[in-house]
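Engineer: Provided herewith is a single structure, encoded as structure tokens, for subsequent inquiry.
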Amino acid sequence: MKNLLKLLLLFFGLTLFACEKAPEEVTDVSTLRLVWNGDPTTTASIVWDGKTKTDPVIYFGEKDRGRKYKKYPYNQKPYRTLGYYDMNTQYIRLENLKPGKAYYFVIKDSEGVSERYWFRTAPDQAEAFTFVAGGDTKSSGDALEAGRSSNRIVADLRPLFVLFSGDITSGNGTDPENWKQWLTDWHTLTTTSDGRLIPVVMVQGNHEGGNMANLNIIFDTPFQQNDSSSVYYSWSLGGDLFHLIALNSQIEQGGKQKKWLENDLITHQTYTFKIAAYHKPIWPHTSRKRENEYLYKQWAFLFYKYGLDLSFDADSHMHKITYPLRPDSLAVDSLMGFIRDDQKGTMYIGEGSWGAHPRPADDDKPWTMASGSFNQFKWLQVYPQGENSEAHIKIYTVITADYDKEGKLHTYYEGIEPLNENNLFNVPAGLKVFQNEKGKDFVTYPYH
Ligand SMILES: [Fe+2]
């Protein structure tokens, strides 16, 4: 009897100990991603695979409380859970955040408390910021490693956000292992050394086409007309400094989407900078890809009419940047319906190769500023109007990897001096930059 009592006491003691101890365990949230889907000055989506764990809650606030979750003033539970691709995906939408602020958070679940992470909301007033734009990653081999190099350089640059123009995994976007690998890579490699999550803004590519709702499933992106396959949306930051339009080249580009685009461009016509992103380039700069005349007819004229400044595409797995262009199929010196217009034209920037194997750059046009065959993304520095300077954007082409004549991959993430929160604009030592014009590390828009 005495022994039984001892055993029972030991059992209850251990259970109590386990209950108290559990929150101190570090719960694994290695697919955690922060997404900008709506107004980035006040909202953020936080999405991750909760695996077999239960009762997830985010604890957050403006002060860094480390992993002491009870000390954070706010908490919130996921608003939905979905079971696609062998994941138990949790979706949290933070709203009513303050613009231009740092927020710290942990996630607590039945297994413990996560590491402490933090993120920034976008400013609602005109101030300088940087962002990264690119697209096209693959799920194996050298292309996977090249993409990882790009991811690591994102963490070094600490941009305000990353604009990713589609084609995320190999295949058609329904392979659970490919998704888990991409999400884990994204989380572990783009998160900064002090735990800052870099927001991603997602655009639909053809490799997500196995389920046209994939962007909503994986990134909680918004959609139009109550149809989860109509993923296109827009948001603004910095007051009227900057407006971003995420289009979808993988569904009907005319019709409802065209109408929506025109309406969105009209609504934001007075914004200083308006940019659009989509996956398929209108006229690819490699001969291995088909021309997209339909896209040209649906969107290029609207871009020009309403003063779109920059257009971002991907898909071809290479680098290109054009002079500012006006669509004009009738002008004698136009080619493929475009003519250079430095005053009012749209600059077309692309074409993928975040990780995917570079294709030959063998299809330049008279209005192409530069193209190249290497792994890359664009790093953009956006400056509002100053006392003695006009509003402008500096565009850097960052080479993240390339292949030598023997076909051997070389990556360029090592040896970069990482930026910090007080220095987000100086080109870091060791960053490999491509010169689009001889002797110039960056292209300035407006282009003079
Ligand atoms: Fe593609």
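Engineer: Excluding same-chain pairs closer than 8 in sequence, count the lysine pairs in the range 203-332 whose Cα atoms lie under 20 Å apart.
Structural biologist: Pairs that pass both the separation and distance tests number 20.
Engineer: Using Cβ counts within 10 Å as a stand-in for footprinting exposure, how do 349, 92 rank, fewest first?
Structural biologist: With the fewest neighbours first, 349, 92 line up as 92, 349.
Engineer: Please name whichever of 87, 447, 306 sits farthest to the positive end of the charge dipole of the chain, dipole taken about the Cα centre and charges placed at Cβ: Lys and Arg +1, Asp and Glu -1.
Structural biologist: Among 87, 447, 306, the one farthest towards the positive end of the dipole of the chain is 87.
Engineer: Let me ask something additional. Helix-only mean residue ellipticity at 222 nm, the chain, DSSP H runs n ≥ 4 weighted -39,500 (n - 2.57), per residue, nearest 500. What is it?
Structural biologist: That comes out to -5500 deg cm²/dmol.
Engineer: Hey, what's the Cα Rg ratio for the range 324-431 versus the globular rule of thumb, 2.2 N^0.38 Å?
Structural biologist: That ratio works out to 1.35.
Engineer: When you take every Cα atom in the range 129-445, what is the radius of gyration, and what is Dmax, the widest Cα pair distance, in Å?
Structural biologist: Rg and Dmax of the range 129-445, Cα atoms, are 18.3, 56 Å.
Engineer: Could you work out the relative contact order of the range 119-255, using alpha carbon pairs under 8 angstrom and six or more residues apart, expressed as a whole percent?
Structural biologist: Once normalised by length, the contact order is 25 percent.
Engineer: So for 72, 304, 232, fewest C-beta neighbours within 10 Å to most, what's the order?
Structural biologist: So the residues, fewest neighbours to most, are 304, 72, 232.
Engineer: Still on this model: Specify the angular offset, from 0 to 90 degrees and rounded to the nearest 10, of the alpha carbon long axis of helix 176-190 from the longest principal axis of the alpha carbons in the chain.
Structural biologist: Relative to the chain, helix 176-190 is tipped by roughly 90 degrees.
Engineer: Give the relative contact order (percent, whole number) for the chain; include only Cα pairs under 8 Å separated by 6+ residues.
Structural biologist: Relative contact order for the chain comes out at 14 percent.
Engineer: Can you give the angle from 0 to 90° between the axis of helix 2-21 and the longest principal axis of the chain, with both taken from C-alpha atoms, to the nearest 10?
Structural biologist: 20
Engineer: Taking neighbour counts of Cβ atoms within 10 Å as a proxy for exposure, in what order, fewest first, do 260, 299 appear?
Structural biologist: 260, 299
Coordinate-derived values only; no laboratory data. All values reported here derive from a predicted model rather than from experimental measurement. Glycine gets a Cβ as well: all are built from the backbone with ideal geometry, and neighbour counts include every protein chain shown.
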